[in-house]
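A quick write-up on the structure given underneath.
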Amino acid sequence: MTDNQYYYAVARIRSRELGLLNQAFIDQLLGAKSIEEAMRLLQDKGWHMPDSYTTESDRIEKMLASEKQKTWDLIAELVDDMSVFDVLLIENDYHNLKAAVKKSLTSVKHSEIFSSGGTIDPKVMEEAVTTRDFSPLPDEMEPVAEKALDTLLHTHDGQLTDIIIDKAALKAIGEAAKRSGSPVLELYARLKIAAADIKIAVRAVKTGKDKKFIKEALAPCDTLNTEKLAEAAGEGMDSIYDYLSLTDYSDAVPELKKSPSAFERWCDNLIIRNIRSEISHPYTIGPLAAYIIARENEISTVRIVLSGLINDLPEESVRERAREMYV
Amino acid sequence: MGIALALLGAASAALFAGIGSAIGVGRAGQAAAGLVTEDPSQFSRALILQLLPGTQGIYGLLIAFIALSNIGLLGGNVDTSMSVGTGLMYLFACLPMAFVGLVSAMQQSKASVASIGLVAKRPDQFGKSMIFPAMVETYAILALLISILAINGIPR
């Protein structure tokens, strides 16, 4: 479908954007004195309240899962070929691959380790890993699954397995974004990969990994020189700050100095700020992609706020973690 | 040959402006349907915005009528001996409406689609939302005016 064929879809999304949570609502949610008050505010906004649940966390997770599903149901109604949005779902597939590989070597029986919303059924993934028949998996995932499983079998190094899969996931996200032909999704993938590489480099410094390991772990990135980032990570945090201050991500430096959660927040806010221009695009796939990202962003913010309420965290500490809203 | 050229001009005005309007109204109609799916109370507003790119087709039809009338095709007293020069004059007189009609209808539909998005977000701004696509109409009206003046200026 070319961009010019999204007139109907974008008009519907424009109406739906009215229901997105804005900053004022998040402030109101942050000010809620109890989980019940917060849930009532969300219910007034049209958020689904689950009828049955075991614990408060279960109730929240069911509500968030239902909201996520609502978004994808709407998009499935509007777009014939959903593969254009693979870039937003691939992460779940690779998360499930990681879970399947680790599950195959442990006695874990829980199915909750799998995340819903990927492009591949977790059962297919589990079956492929258990039987070592990777043919049902997408072509680009087959060698990754095999390599990750062999690595875990031979080295029992979970971290190394994670690195193999995470790097492949980032590469797949970048390729899916290019295939989508949507500037918004390409931008999303670019920022996602850059943020992931920065996180990998920072974590590597903190865990004392060597340069070879870091180079192996970093995914190819259009906006960062991974060679230089790996070099900097090999030297320490200050070198990472020095390198980043010369890139498009210089604003990340003060956030990295604050805390990992401040950096995570900065990454998500950066994506939201960059896609905000889609609010005024009348007929491309961009507003649809931006709507999905905005919904994911508000769902993760609501999770942060509600978790804060459950765990009695101070409002200020939760506020620091809450993301910027799209509208 | 002259009458064929004049007829080509009249047909072009109706054809190209009509094509532009059909594409434009269809395009804006999709957006209008999207808005009404979410908010049926916006039907009348969406309909007005959808119809705006339809005017070029009417202008094209008007020019075709005037041209056909002047060359006698409507009254039954067609001038088959019309010179090539006169035929060309009719053809060129119709071209402003044909081409400006086609392009303006398509561009106006984009403005209409954007305005439908505006109404979806701010229904109270409907008045302003109509102005944006209506601005494109100016150029269709200018072309209509030139085509009418040119056709009426051709010596019979």
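What is the sum of charges around A:ALA99, taking Lys and Arg as +1, Asp and Glu as -1, for the other residues whose C-beta is under 10 Å from the C-beta of A:ALA99? Mind dumping the intermediate values first?
Working: positive: A:LYS98, A:LYS102, A:LYS103; negative: A:GLU112, A:GLU126.
So the environment of A:ALA99 carries a net charge of +1.
Any idea what the relative contact order of chain B is, in percent, if you count C-alpha pairs under 8 Å spaced at least 6 apart?
Values: 277 pairs, mean separation 57.8, N = 156.
Computed over chain B, the figure is 37 percent.
Rounded to the nearest 0.05, what FRET efficiency is calculated for A:ARG179 and A:ASP312 with R0 set to 45 Å and r the Cβ-Cβ distance?
Working: r = 45 Å, r/R0 = 1.01.
After rounding to 0.05, the efficiency reads 0.50.
What accessible surface, in Å², does a 1.4 Å probe find on B:PHE65, ignoring ligands, DNA and RNA and rounding to the nearest 10?
110 Å²
Run the numbers on chain A and let me know its relative contact order in percent, using alpha-carbon pairs under 8 Å that are six or more apart.
On the way: 357 pairs, mean separation 79.8, N = 327.
Rounded, it is 24 percent for chain A.
Among A:ALA204, A:ALA176, A:THR161, whose Cα sits farthest toward the positive end of the charge dipole of the range A:138-221 (+1 at Cβ of Lys/Arg, -1 at Cβ of Asp/Glu, about the Cα centre)?
My answer, from the dipole projection, is A:ALA204.
Note down the accessible area of A:ASP27, probe 1.4 Å, to the nearest 10 Å².
Only protein atoms counted, so the area is about 70 Å².
For the range B:2-153, what log10 I(q)/I(0) values come out of the Debye formula at q = 0.10, 0.21 1/Å, with one point per alpha carbon and no solvent?
The computed values of log10 I(q)/I(0) come out as -0.40, -1.07.
Could you work out how far the C-alpha centroid of the range A:64-121 sits from that of the range A:134-163, in angstrom?
18 Å
Rank B:MET97, A:MET49, B:MET130, B:MET135 by accessible area, highest first, at a 1.4 Å probe radius?
Details: B:MET97 0, A:MET49 35, B:MET130 65, B:MET135 110 Å².
Reading off the accessible areas and sorting them downward yields B:MET135, B:MET130, A:MET49, B:MET97.
Can you pull the percent of Cα pairs in the protein assembly as shown with separation above 38 Å? Write down the numbers at each step before the final one.
Values: 50443 of 116403 pairs.
Here the tail beyond 38 Å accounts for 43 percent of pairs.
Can you tell me, using C-alpha contacts under 8 Å and at least 6 residues apart, the relative contact order of the range A:87-181 as a whole percent?
On the way: 101 pairs, mean separation 32.9, N = 95.
This gives 35 percent for the range A:87-181.
Please report, ordered by residue number, every helix of chain A (full DSSP H runs) that is 15 Å or longer along its axis going by C-alpha atoms and whose mean Kyte-Doolittle hydropathy reaches 1.6.
Numbers: long enough: A:56-78 (34 Å, -0.78); A:86-104 (26 Å, -0.35); A:142-155 (19 Å, -0.10); A:158-180 (32 Å, 0.09); A:183-206 (34 Å, 0.74); A:260-275 (23 Å, -0.12); A:286-310 (36 Å, 0.89).
Helix filter hits for chain A: none.
Excluding A:VAL124 itself, what net charge comes from residues whose Cβ is under 11 Å from its Cβ, given Lys and Arg +1 and Asp and Glu -1?
On the way: positive: A:LYS123; negative: A:ASP93, A:ASP121, A:GLU126, A:GLU127, A:ASP133.
Combined, the nearby Lys, Arg, Asp and Glu give -4.
Considering the options B:LEU144, B:GLN30, A:PRO282, tell which one lies farthest towards the positive end of the dipole of the protein assembly as shown, charges being +1 on Lys and Arg and -1 on Asp and Glu at the Cβ, about the Cα centre.
Positive-end residue among those listed: B:LEU144.
Given a 1.4 Å probe and the protein chains all in place, what does the accessible area of A:SER115 round to, in Å² to the nearest 10?
My reading of the accessible area for A:SER115 is about 30 Å².
When chain B is treated as a GNM, springs tying every alpha-carbon pair under 10 Å, which of B:ILE63, B:ILE23, B:ILE48 comes out with the largest mean-square fluctuation?
Comparing B:ILE63, B:ILE23, B:ILE48 in the GNM, the peak value goes to B:ILE48.
Could you give the dipole magnitude of the range B:2-153 about its Cα centre, charging the beta-carbon of Lys and Arg +1 and that of Asp and Glu -1, in debye to the nearest 20?
Working: 6 positive and 5 negative charges, 64 e Å.
For this selection, approximately 300 debye.
Using a 1.4 angstrom probe on the protein heavy atoms only, could you order A:THR226, A:THR71, A:THR119 from most to least accessible area? Could you put the intermediate results ahead of the total?
Numbers: A:THR226 40, A:THR71 5, A:THR119 65 Å².
Heavy-atom accessible area, descending, gives A:THR119, A:THR226, A:THR71.
On full extension of the chain, what length is gained from A:SER115 through A:GLU320, given 0.36 nm per residue of separation minus the C-alpha to C-alpha distance? Provide the component values of the computation, followed by the final result.
Numbers: separation 205, 0.36 × 205 = 73.80 nm, distance 2.68 nm.
Using 0.36 nm per residue and subtracting the Cα-Cα distance, I get 71.1 nm.
Could you pull out the pairs from A:LYS103/A:LYS215; A:LYS192/B:LYS121; A:LYS98/A:LYS123; A:LYS167/A:LYS215; A:LYS45/B:LYS110 whose alpha carbons sit more than 22 Å apart here?
Beyond 22 Å between Cα atoms: A:LYS103/A:LYS215; A:LYS192/B:LYS121; A:LYS45/B:LYS110.
If you count only protein heavy atoms with a 1.4 Å probe, what accessible area per residue comes out for the protein assembly as shown, rounded to a whole Å²?
Per-residue value: 47 Å².
Within 14 Å, Cβ to Cβ, of A:TYR188, how many net charges do the neighbouring residues add up to if Lys/Arg are +1 and Asp/Glu are -1? Before the final figure, lay out each step's value.
Working: positive: A:LYS178, A:ARG179, A:ARG190, A:LYS192, A:ARG273, A:ARG276, A:ARG295; negative: A:ASP86, A:GLU91, A:GLU175, A:GLU186, A:ASP222, A:ASP268, A:GLU278, A:GLU296.
Charge balance in the 14 Å sphere: -1.
Is any helix in chain B, taking whole DSSP H runs, at least 27 angstrom long along its axis by alpha carbon and on average at least 1.0 on the Kyte-Doolittle scale, and which ones?
Working: long enough: B:2-38 (54 Å, 1.31); B:84-121 (55 Å, 1.21); B:126-153 (40 Å, 1.49).
Result, helices passing both filters: B:2-38, B:84-121, B:126-153.
For the pair A and B, how large is the buried accessible area, both sides, in square angstrom to the nearest 100, if the probe is 1.4 Å? Intermediate results must be reported in sequence, preceding the final value.
Values: alone 16080 and 7820 Å², together 22610 Å².
Chain pair A/B: roughly 1300 Å² of buried accessible area.
Please give the calculated 222 nm ellipticity per residue for the protein assembly as shown, where each DSSP H segment of at least 4 residues contributes -39500 (n - 2.57) and the sum is spread over every residue; nearest 500 deg cm²/dmol?
Details: 21 runs with 349 residues, N = 483.
Rounded to the nearest 500, the figure is -24000 deg cm²/dmol.
The values are calculated or read from the model by the stated rules, or taken from the named source; none is laboratory data. This one's a predicted model, so the numbers in the text were calculated from it and none came from an experiment. In this analysis, Cβ positions are derived from the backbone assuming ideal geometry, glycine residues included, and neighbour counts consider all displayed protein chains. Surface areas here come from the heavy atoms of the whole protein model, side chains and all, with no ligands, DNA or RNA. Shrake-Rupley method; radii C 1.70, N 1.55, O 1.52, S 1.80 Å.
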